[in-house]
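J.: One structure coming up, written as structure tokens, with questions to follow.
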Amino acid sequence: MVRAGVVKHPSEWAMSGYNEIQNPPDRYGLIDLNGLMKLCGMINKDQMRSEYKQWVEDAINIDGYTREACWTESIAVGNRQFVEETKVKLGLKAMGRKVVESNDHFLLKETYAPYNARLDTKKDLIRSENIYYWGTWGRRFHLSYKKKPPQ
């Protein structure tokens, strides 16, 4: 929401992960703080909050509000083992998606298709078989995907 210009800092957005890390709820948290601390090499929640706060401040002050494509265009980001395991767990949902190496990490990428890939010229205009005859006045109304009623 910061990049979108809705707020100036993630702490201003009530439902942000930033707020959950800085002030974790007693119950029903979405973020596994213990798992996150382990992944980041932190020894306690105070250290995690402090380090995370500094990372966010640095990202805002140094990098500005730039979008990082690896996070916004990928299904999974991490080491090769994690990304490949995620692909396996997704099963058929991951069909056609590729594991790509990028700098020091791997990505599970979506496949891109143009918007008109599945459209053909038959669907561009309403065809005669989509005409629905209405009433007894002989008027015709064009309604998509309606067939002429049986006579």
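The values are calculated or read from the model by the stated rules, or taken from the named source; none is laboratory data. From a predicted model like this one, the values you see are computed outputs, not experimental measurements. Here the Cβ positions follow ideal geometry from the backbone for every residue, glycine too, while neighbour counts run over all protein chains shown.
J.: Please find, within segment 97-136, the residue that is modelled with the highest pLDDT out of those that are surrounded by 10 or more Cβ atoms within 10 Å (Cβ to Cβ) and out of contact with any strand residue (DSSP E or B) (no Cβ under 9 Å at 6 or more places or on another chain).
T.: Within segment 97-136, the match that is modelled with the highest pLDDT is R127.
J.: Please find, among E51, E68, E73, the residue that is of a type in the set (D, E) and at pLDDT 90 or above.
T.: E51
J.: Looking at (1) over 20 Å from the mean Cα position of the chain (by Cα); (2) modelled with pLDDT of 85 or more, find the lone condition where I62 falls short.
T.: So the condition that I62 fails would be (2).
J.: What's the number of the condition E85 fails, among (1) out of contact with any Leu (no Cβ under 9 Å at 6 or more places or on another chain); (2) modelled with pLDDT under 85; (3) acidic (D, E)?
T.: For E85, the failing item is (2).
J.: Given the criteria within 21 Å of H9 (Cα to Cα), surrounded by 10 or more Cβ atoms within 10 Å (Cβ to Cβ) and not acidic (D, E), does W55 qualify?
T.: It is true that W55 is within 21 Å of H9 (Cα to Cα), surrounded by 10 or more Cβ atoms within 10 Å (Cβ to Cβ) and not acidic (D, E).
J.: Within segment 20-52, can you find the residues that are among the acidic types (D, E) and over 14 Å from P10 (Cα atoms)?
T.: Within segment 20-52, D26, D32, D46, E51 qualify.
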